[in-house]
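Read the figures in this text as sums done on the coordinates, not as results from a lab. All figures in this text were calculated on a predicted structure; none of them were measured in a lab. Please note: Cβ atoms are built from the backbone with ideal geometry, for glycine as well, and neighbour counts cover all protein chains shown.
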Amino acid sequence: MAKKTNNAEGLSATDKALEKFTELMIEKIEHLQGDWKKPWFTPGISRPPHNLSGRNYNGGNALMLMMQAEKMGYEIPVWGTFDRIIGLNFSKTKDGKTPLTDSEGNKLPAVTINKGEKSFPVFLTTYTVINPETKEKIPYDDYRNLTKEEQANYKVYPKQQTFNVFNVAAQTNLKEVRPDLYEKLKGEIGSQQLRNEGDMSSHPAIDKMIDDNLYYCPIKQIKGDNAYYSISKDEIVMPTREQFVDGEAFATNTLHECAHATGAASRLDRLKTGATFGSQDYAKEELTAELSAAVIASQFGLTKHVKNDSAAYLKSWLGSLHESPDFLKTVLNEVKRCTSMVTQRITAIQAEMEKGEKADYSQFRSRTAKTEQLDQDDSLESQQEAAKQIEEEYRPSRHR
């Protein structure tokens with residue numbers, strides 16, 4: 001567990017959240033260590049979490065909320081802050097808030113947090129954009145729509161804030177006082193597809209991305225025993241689909257390598273040059289790829305099992321989580337950036353597929369790995385010049 005302090009009250013909200021995250025992650029990895037053939041998330045229980053507005057949580061927030069939901073047995077993955085949940089009792093008007101009433105004008109019973117329930121922290125990064133010379137402030141969304149030349153006139157100051165959320169269905173009296181809303185939220189849950197052994201399909205957009213080479217770098221399927229991402233060649237090599245027990249195993253193992261590929265110097269510039277097999281940097285990258293693949297898989301209705309060779313890192317991950325309070329913080333930040341980049345590509349392909357005969361995939365094939373740039377909240381710093389290419393690979397490994 002993260003280093004403790006005798007002065008718990010002196011910890012910042014972020015530090016307290018990281019302690020809670022670390023304890024939860026240690027518990028999860030210890031559970032997997034007992035049987036590493038289990039999936040990261042139990043099928044049908046942990047689904048992509050979202051708020052009352054329907055917006056999905058991403059990256060590290062999604063990961064930790066899914067772990068908390070699985071631990072507590074929450075079946076409906078809808079979360080909200082105290083204020084947002086209490087807001088279910090009112091409608092907004094020009095005159096302010098008006099209590100909700102039924103068809104006969106009677107005030108509806110209040111939605112409240114159940115007594116004794118504890119909240120769970122999530123992180124939100126906000127951005128202040130200022131012109132240093134004129135002191136003009138503009139909204140971050142406006143800044144993102146500026147040209148690079150115009151953006152150069154501003155400075156962006158990120159600030160990470162911590163919010164506390166509750167599971168709307170399980171930690172409130174919603175089911176009793178608003179059964180209609182409860183059933184609506186329950187009905188919106190997307191179930192993970194149960195696949196028969198030997199079914200070689202996974203998710204249509206993921207299958208197309210892999211089979212038609214629509215990812216940020218080439219994905220080669222070669223009959224063999226190793227699955228890896230080559231930094232020097234900027235390509236993913238996978239055993240053929242038929243070598244896996246089913247299409248889901250093939251797809252989720254490929255997502256692991258896709259996660260590694262986001263770390264290239266031309267993308268998120270995460271991979272450490274000279275990192276050796278078994279080193280802490282290598283172990284951290286493996287955990288980043290495993291957690292990212294697990295989150296992405298869940299978003300698209302797939303189940304990610306622990307990669308065979310990654311099981312060897314379970315003890316190392318536990319050691320790092322116990323010894324370094326910053327270890328998980330770094331991993332969660334990278335998971336957020338990584339999942340955003342991979343999900344962006346899959347959803348773009350999915351949107352194109354929905355066009356049917358009018359679909360045009362040239363936009364993906366023409367954007368090479370060297371020119372691909374990701375515009376996202378957590379990649380504001382300018383990318384460093386491409387690191388010297390090295391011949392080792394992330395990572396030659398047994399794949400099943």
At R0 = 35 Å the Cβ-Cβ FRET efficiency linking Lys92 and Ala13, nearest 0.05, sits at 0.80
If I model a spin label as a point 7 Å beyond the Cα along the Cα-Cβ vector, how far apart are those points for Thr330 and Asp212 in nm? 3.9
The answer for GluC sites (Glu not before Pro) in the range 33-112 that fall in a DSSP coil and have at most 16 neighbouring Cβ atoms within 10 Å is Glu75, Glu104
The range 1-127 shape via C-alpha gyration tensor axes, a/c threshold 1.5: prolate
Each label sits 7 Å from Cα toward the beta-carbon; between Gln363 and Glu183 the label points are separated, in nm, by 4.1
Using the structure shown, list the pairs from Lys155/Lys186; Lys16/Lys272; Lys38/Lys358 with a Cα-Cα distance above 32 Å, or answer none. Lys155/Lys186; Lys38/Lys358
Shape call, the range 248-365: gyration tensor on alpha carbons, a/c limit 1.5: prolate
With Cβ to Cβ distances under 12 Å as the rule, what net charge do the other residues near Ile76 carry (K, R +1; D, E -1)? +1
Rounded, prolate or oblate, given the Cα gyration tensor of the range 86-241, with a/c below 1.5 counting as rounded? oblate
The ³J(HN,Hα) series, computed from each phi in the range 13-28 with the Karplus coefficients 6.51, -1.76 and 1.60 at θ = phi - 60°, rounded to the nearest Hz and given as x for glycine or proline, is 4, 5, 5, 5, 5, 5, 4, 5, 4, 5, 4, 5, 5, 4, 4, 5
Between Tyr157 and Ile222, take the C-beta separation as r, use R0 = 60 Å, and let me know the FRET efficiency to the nearest 0.05. 0.80
Considering only DSSP states other than H, G, I, E and B, which trypsin sites (Lys or Arg not before Pro) in the range 41-110 qualify as loop sites with at most 14 other Cβ atoms within 10 Å? Arg55, Lys94
